[in-house]
Every structure is written in structure tokens, then in C-alpha cells.
1. With 18 Å as the cut-off, how large is the P(r) tail for the range 227-306, expressed as percent of Cα-Cα pairs?
2. Which order, highest average first, do 171-182, 332-343 follow once you tally other Cβ atoms within 10 Å for each residue and take the mean per peptide?
3. Relative to the first principal axis of the alpha-carbon coordinates of the chain, what is the inclination of helix 17-27, with its axis defined by its Cα atoms, in degrees from 0 to 90 and to the nearest 10?
4. So, R0 is 30 Å and r is the distance between the beta-carbons of ILE144 and THR261; what FRET efficiency does that work out to, to 0.05?
5. So what's the gap between the Cα centers of the range 320-362 and the range 224-294, to the nearest angstrom?
6. If a/c stays under 1.5 just call it rounded; otherwise compare a/b with b/c (prolate if a/b is bigger, oblate if not). Do that for the range 170-241, with a ≥ b ≥ c from the square roots of the Cα gyration tensor eigenvalues.
7. Apply the a/c threshold of 1.5 to the C-alpha gyration tensor of the range 3-131 and tell me whether it is rounded, prolate or oblate.
8. Count the lysine pairs in the chain that are 8 or more places apart or on different chains: how many have C-alpha atoms under 23 angstrom apart?
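The numbers here are math on the coordinates, done by the rules we state, and not lab data. Because the structure is a prediction, the values reported are computed rather than measured. When we count neighbours, we look across all protein chains shown, and the Cβ atoms used for this are built from the backbone with ideal geometry, even at glycine.
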Amino acid sequence: MGALNGLKVLEIAAIGPAPFCAMMLADMGADVVRVDRRVDAGLGFSMAPQFDVMGRGRRSIALDLKSPEDLSVVRQLIGAADVFIEGFRPGVMERLGLGPTECLTLQPKLVIGRMTGWGQDGPLAHAAGHDLNYIALTGALAAIGPSDHPLPPLNLVGDFGGGGMLLAVGILAAVIEAGRSGKGQVVDAGMVDGAALLMASTYGMRAAGLWSDLRQNNALDGAAPWYSAYRTADGGFVTIAAIEPKFYAELLARLELNPATLPAQHDRKRWPELRQAFVDTFARHTRSEWVARLEGTDVCFAPVLSMHEAAAHPHNAGRGTLVEQDGVVQPAPAPRFSRTPSALRGGSPAPDADRKAVLRDWQINV
């Protein structure tokens with residue numbers, strides 16, 4: 001039934017991190033009801049419900065938040081919910097009469113998850129933005145990419161790691177606390193805060209003098225030859241991450257490189273020379289040949305796979321890391337629970353597909 005079986009979550013339709021958070025809760029068994037717009041609000045890329053992976057596992061009811069009648073329904077749903085998730089800019093829900101004060105009056109134990117880019121307050125709180133802007137302000141973007149230009153790391157750092165996943169952690173913590181105190185609260189999840197939090201280790205290393213602000217000049221940002229990706233003879237790529245001395249020693253042995261002829265692992269001045277040795281070595285064989293030689297050893301190795309290839313890899317296939325639903329390959333629910341397993345609970349619903357069932361199950365009078 002899932003670890004969150006019985007938890008009622010009301011989600012106002014949005015893009016990016018808010019639905020990612022709701023997807024995680026739904027995977028873990030929560031009853032997530034998404035309030036869709038009665039008309040298209042231009043929420044992002046247009047796609048059929050079967051391809052909306054982040055929309056999986058919910059039920060949908062379509063309402064007009066500017067309609068008094070529909071607002072009455074939303075208020076009743078809030079009153080019946082344990083968690084309320086919204087991703088508007090600060091002040092929007094207040095103008096609709098659905099701010100925290102009103103919501104907590106309707107349901108004193110309600111956990112209100114508010115997902116924004118800049119947070120609910122601060123000089124930039126009301127400005128538009130996207131993942132790239134938020135990670136730029138935290139120092140994360142400046143640390144990613146080649147030395148001459150920052151490189152956007154997809155929208156994983158701000159939207160999903162520092163956004164949706166952070167919101168999920170905050171919501172669950174607040175739900176636990178509400179069970180003890182009987183009182184709800186607001187979870188203010190700003191992507192700029194979350195992206196900064198993901199940099200905790202890096203900020204610590206910088207303070208200790210172990211990290212430079214220069215890109216591609218540090219052990220974990222592509223400068224170290226033993227923590228990098230290399231092109232193979234067939235144009236593919238493989239990765240090595242042999243940080244520890246014992247792993248590095250095994251790497252050299254399996255590459256048939258004599259350490260006596262190479263610079264020391266941490267001789268930064270000679271890293272270009274060491275990198276060239278690795279470049280030349282990996283270019284001698286195909287990616288599949290390197291997989292046969294190195295995969296599963298302690299050299300810290302993996303081939304660079306496309307999304308198409310990833311699902312077929314024996315490890316991913318063996319664990320079911322990527323699964324198929326309605327013909328769409330997608331990530332399986334995570335993390336894994338020994339007693340209350342998470343599960344895919346259907347794809348993304350069409351707007352208003354579940355109106356009657358939601359109103360009945362949540363005991364809403366219309």
C-alpha cells in the first residue's frame with residue numbers, strides 16, 4: 001500500500017518541482033489529487049498524459065480558482081487534506097483567498113508546501129526565474145562546466161534536487177511534527193535555498209582551502225585525470241572515478257600502465273601529462289571492450305549511456321531502476337522500502353478525469 005497510504009495530498013497544477021514532489025508522494029502511496037485548470041493555463045510543454053511522467057499516480061479534478069463556486073470546492077478539499085502543495089509566485093494564493101491563514105483555519109493540521117524559485121521573501125521573491133537562474137545565484141553554476149564557460153547541468157540541481165525533492169523532505173518532516181503537535185505549518189521551499197544546500201560539501205571544502213572558485217580546477221569538477229570521462233575508440237565515452245589510492249592503483253594495473261612512468265596521482269602540475277596518458281589508453285579500445293575489462297571492478301568505472309541504453313543495462317534491468325508504463329520508459333519509484341513498497345499507481349490523468357470519485361472519496365458537497 002505504500003509508506004504514505006492514507007495521506008491526503010491536494011496539489012495545485014504547476015510545472016517542474018511541485019509536480020515532481022507530488023509524484024514522489026504518490027509513488028509512496030499518498031492519495032494525491034491534482035487541481036487542474038478548467039482551461040489551458042500554458043503550464044509548459046504540451047504532451048499527452050501518457051508522457052507526463054511527473055504527473056503519474058494522481059487523480060484529477062478541474063476547477064477555476066477564480067470562480068466562487070469552484071473556490072468553495074477547493075476550500076472543502078483543503079479542509080479534508082493533510083498536505084496542500086502549490087507552486088505560484090508569493091502572494092498569488094493570498095489574493096485568491098487561499099493563503100496560509102485561510103488554509104490553516106480550514107484545516108489546523110494542514111502542511112502547506114510552497115514551491116518557488118526565490119522563496120517566499122527576499123529582494124527577488126517576486127521576480128520570474130528558472131532553474132538556471134537559481135543555481136547561478138548560489139555558486140553552483142559557476143562550479144560546473146569547462147574552464148571557459150559554465151555549463152547548465154540540465155535542470156536537475158534547482159528544479160528537482162534543490163526544489164521538488166527538498167519540498168518532499170520538508171513536507172514529510174512537517175507531517176510527522178503535525179502528528180505530534182496537532183498543528184500544521186508552512187514549508188517554504190525555495191529552489192535557491194535548495195541549490196545552496198546541495199553545495200554544503202563544496203562550501204566546506206572551499207572554506208578549508210580544498211576548493212578553488214576556478215572551474216575545472218578541482219578534484220571533482222573535471223580537472224583531475226582520475227575523475228573524468230574519456231572517449232573510446234568507437235566514439236563512445238566511459239567514466240572513471242578512482243579517487244582513493246587503492247582504487248587508483250587498481251585502475252593503473254587494469255589499464256596496464258606502469259606507475260613508475262607516470263606522474264604521482266596528486267601532482268597537480270603534471271595532471272595534463274597524466275590525463276594524456278589516460279586519453280591515449282582509453283582511445284585504444286571500444287566502449288564495450290572497456291566495459292568487459294573494467295565494469296564491476298574496484299576502479300570506479302561506468303560507461304556513459306544514453307537514456308535509450310540505460311534501461312537495458314544489466315544492473316538497471318536487474319534492479320528495475322527504469323520501468324515501462326503505458327509504453328513509456330521512466331524511473332521507478334525511489335527510495336525502496338522493505339515492508340511498504342512504493343509502486344507506480346497509473347499514469348497522469350486527463351484533467352477532470354476523476355471528479356466524481358474525488359468528491360465522493362473526500363466527502364465534498366457540491
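1. Considering the range 227-306, 34 percent of its Cα-Cα pairs are separated by more than 18 Å.
2. Those peptides, ordered most packed to least, come out 171-182, 332-343.
3. Rounded to the nearest ten degrees, it is 80.
4. 0.35
5. With the range 320-362 and the range 224-294 each reduced to a Cα centre, they are spaced 42 Å.
6. In terms of gyration-tensor shape, prolate.
7. rounded
8. 6
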